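In what follows, a single structure is set out as structure tokens and then discussed.
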Amino acid sequence: MQSFLLAVDRFSTWIGKTFAWCALLLTLLISWEVFSRYVLNHPHAWVLDAQIMLYGAMFMTAGAYTLSKNGHVRGDVLYGFFRPRTQALVDLVLYIIFFLPGIVALTWAGWIYAGESLAIREQTFSAEPLPLYPFKYVIPLAGFTLLLQGLVEIIRCVQCIQSGAWPSREQDVEEVDVEKLKEMVHVKDEDIAALDRVVAAKEAAR
């Protein structure tokens, strides 16, 4: 079971990192359009639509990735003080009541929405229209990956309720661990304190 949970974590991570390249494409596209508009005096009507679609795709597909890393913002300040079993119970209830109905509806409605767009070969409303239906298929894709990751999180909640400890998850980029960083460069707290005293003495001598 644990191997399956981690495999879904890796899949969500792959989806998130793949669409993260949209940030680079956005940067290049905007830079090129600024140059073309103000230097060459040749703006393009389709660029704004392309920017919106790239940003939307990156934003929507980041949901499952963020959930796999337990990175979504929590509004309850008391949650962090709960024991893991209590946290899991709260999460499980919220997943069942709010998460599952909303994401199932998003995925189902998004699939219908995208299918209707494909049927009419929908395009953007501009002087230089772009095909819109490929972008709309990102909606059910994002919903499906988020639903899949949500089911994994529900399983983790059940496991935590049973064992009293959260199971492991796929790791990725973390915030800097100061203690590990000090170990890597062989710096001790005493060295930092001595350096602070030297700096303070130099400041006082000025």
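Coordinate-derived values only; no laboratory data. Here the structure is a predicted model, which means the values were calculated and not measured. Cβ placement follows ideal geometry from the backbone for every residue including glycine, while neighbour counts extend to all protein chains displayed.
Some notes on this structure:
- Spherically averaged projected area of the convex hull of Cα atoms, the stretch 1-85: 8.1 nm².
- Sequence-distant contacts, meaning Cα pairs under 8 Å at least 6 residues apart, place the relative contact order of the stretch 2-174 at 31 percent.
- Cα centroid separation, the stretch 83-106 to the stretch 115-129 (Å): 36 Å
- Inverse of mean 1/r across different Cα pairs in the stretch 2-174, Kirkwood, Å: 18.3 Å
- Furthest towards positive pole of dipole, Phe98, Val34, Ile52, structure part the stretch 1-151, Cβ charges: Phe98
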